[in-house]
Amino acid sequence: MKTATTRRETDSTKQEKVLYVALELGKAKWRVGSSTGLGQKPRQVWVRGGHRDGLKQEIERAKKRFGLAAEAEVVCCYEAGREGFWLHRYLLSIAVNNRVVDSSSIEVNRRARRAKTDRLDVEKLLRMLIRYESGETEVWSVVRAPKVDEEDQKQLHRELMGLRKERTRQHNRITGLLYSQGVELKRCGKDFVEWLEGVKLWDGSALPQGLVERLKREYERLGGTETLKSNVRLVTATNKDLEKAIAEGLDPRTPALAISRATRPDQDVVTASIAELPERLAQAGLPGPVLVMIGNTVSSASGAQSRRSTGTA
């Protein structure tokens, strides 16, 4: 007598219902690897870099290739990098569960000789994705994708950090040019050009004129004596942006802060409410470029070394 048996659904049987996709992203083209489980030879194709429709169509073709239903679950991954999170948001919008992976966290066999090819990278990502989804969460670290507004709030801080690095590089360039002539730069302040005219070499001769002119140009790039003609554009943009913010419900008394020559020892600061800031900027005549901060960050930024404060919120 035959008896009916039931089969408990395991992780391996669940994998047959899921399409796993790994992306190796390049500027010109993307390599797309797909599979339904471990031990299966993955499907690999090229898609033009940044071509969203091409990626979507390949996912649909992969479902047909592996005999999956059109509504089958899709789990995808790619390494965090230049593409940021826009691709992650797009994949979520087309019902693809995506994972953005911290590339530095991917396990590596340091004893093995490893070839570096897109094909091998995609195969490895696929295997690790399947293992991760099967419960091996230690195989890598998944990056938390920020919301659009959360990411946008970081732009000012990133710009400030970029300005600091640019200034350091420029200062080091000036220091190196002088040091190549046996001259030590004590400080690079507002009197740099005047000081430069009086510099003497080891034998009492003046700096070569070509070098002097170059150093002046390098100093101007550093933000030296030339005042950028951006006040009118800045105030116009500030008026427009702040009026819009107030119209959308932002309290006109919200504190705001404008920084000129940000990250420099001689930076200037203007503080005011957002309703008063455009007028205060016009009165102060700050040299550009000027960064404007609104809200609670104002209090933490108010400890600048040098400031020209023309009002308080």
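The values are calculated or read from the model by the stated rules, or taken from the named source; none is laboratory data. Since the model is a prediction, treat every value here as computed from it, not as a measurement. Virtual Cβ from ideal backbone geometry, glycine too; neighbours counted across all protein chains shown.
Key figures for this structure:
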| quantity | calculated |
| --- | --- |
| Lone qualifier among Lys56, Lys27 - being surrounded by fewer than 18 Cβ atoms within 10 Å (Cβ to Cβ), in the same structural domain as Leu129 (by TED's automatic domain parsing), under 19 Å from Glu83 (Cβ atoms) and over 25 Å from the mean Cα position of the chain (by Cα) | Lys56 |
| Number of the exception - Leu228 against (1) within 28 Å of the chain's Cα centre (by Cα); (2) modelled with pLDDT of 90 or more; (3) of a type outside the set (Phe, Trp, Tyr) | (2) |
| Of all residues in the stretch 38-51 being outside any strand (DSSP E or B) and either on the phi > 0 side of the Ramachandran plot or loosely packed, with under 15 Cβ neighbours inside 10 Å (or both), the one that is nearest to the chain's Cα centre (by Cα) | Gly50 |
| Residue pairs meeting the criteria (Cβ under 7 Å; at least 6 apart or on separate chains; first within 14 Å of Glu150 (Cβ to Cβ), in the stretch 79-91; second aliphatic (A, V, I, L, M)) | Phe85/Val100; Phe85/Ala145; His88/Val100; His88/Ala145 |
| In the stretch 265-296, residue modelled with the lowest pLDDT [restricted to those that are of a type in the set (S, T, N, Q) and surrounded by 15 or more Cβ atoms within 10 Å (Cβ to Cβ)] | Gln267 |
| Candidates Arg61, Arg52, Arg48, Arg43, filtered to the one that is touching a Ser or Thr at 6+ places or on another chain (Cβ under 8 Å) and of a type in the set (Lys, Arg) | Arg43 |
